[in-house]
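Just so you know, all these numbers are worked out from the coordinates, no wet-lab data involved. Since the structure is predicted, the reported quantities are computational estimates derived from the model, not experimental observations. Using ideal geometry, Cβ is built from the backbone for each residue, glycine included, and neighbour counts are taken over all protein chains shown.
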Amino acid sequence: MSNPNIEQIAAAQKANTEVLLTILRTAFNGVERLTALNVAASREFFNNSVANAQQLMAAKDANGVAKLNAELAQPNLEKWVDYSRSVYELTTQVQKELTSVIESQYGKLTETAVTAAKKAGAAAPVGGDVFAAALNSVITASNQAFDSLNSVTRQLSEIAEANVGVATKAAKTVSKPTAAKAPAKTSATAAAARKSTAK
């Protein structure tokens, strides 16, 4: 003969374990993509530094060095903005994935708690309905707090996204004179970011 409470606890533990594993997989995939992005950015930075140093060493005089410094700084700024945007997009994507897992789990938890409160209120002795009402009140308050937290998180995410957009536009505006001299080339960092996003 089995006890229904033990079966419910075992089922809840199994569900919680699955949610935890989903969160861990999502976080690990995010770290893996960020690592690939950082490796690509480091490789590109190293290769560009070597090429820039070779160009600077080949300069004939101080004016040539100054001119090269000015010309080499702008592409590096563009690459830094590209890298920052890629990191932001990656972290935003991982945050959204984690939030959706947590929201779905919170919804299931709330639903289970409401059902348990109703059952407890119906089966409780005199005065048990007060406990059920208090539990429902706590659930309602926690739902409101969770919704407020989600709202604030979304607003902060939108503000950060707007700031990244403004920074990108500013960097492009600053780099327009340089962009006219040399054709645009996709950086390895941007390619790695697109590759990690496609996974």
- Cβ-based exposure ranking for Arg43, Arg85, in which fewest neighbours within 10 Å come first: Arg43, Arg85
- Task: Any of Lys14/Lys119; Lys60/Lys169; Lys96/Lys169 with alpha carbons more than 32 Å apart? Name them for me.
- Result: Lys60/Lys169
- Message: If the reach is capped at under 20 angstrom between alpha carbons, list the aspartates and glutamates near Lys108, excluding any in the same chain fewer than eight residues apart.
- Response: Glu7, Glu18, Glu97, Asp147
- Note on the structure: For Lys67, the aspartates and glutamates lying under 20 Å Cα to Cα, once residues fewer than eight places off in the same chain are dropped, come out as Glu78
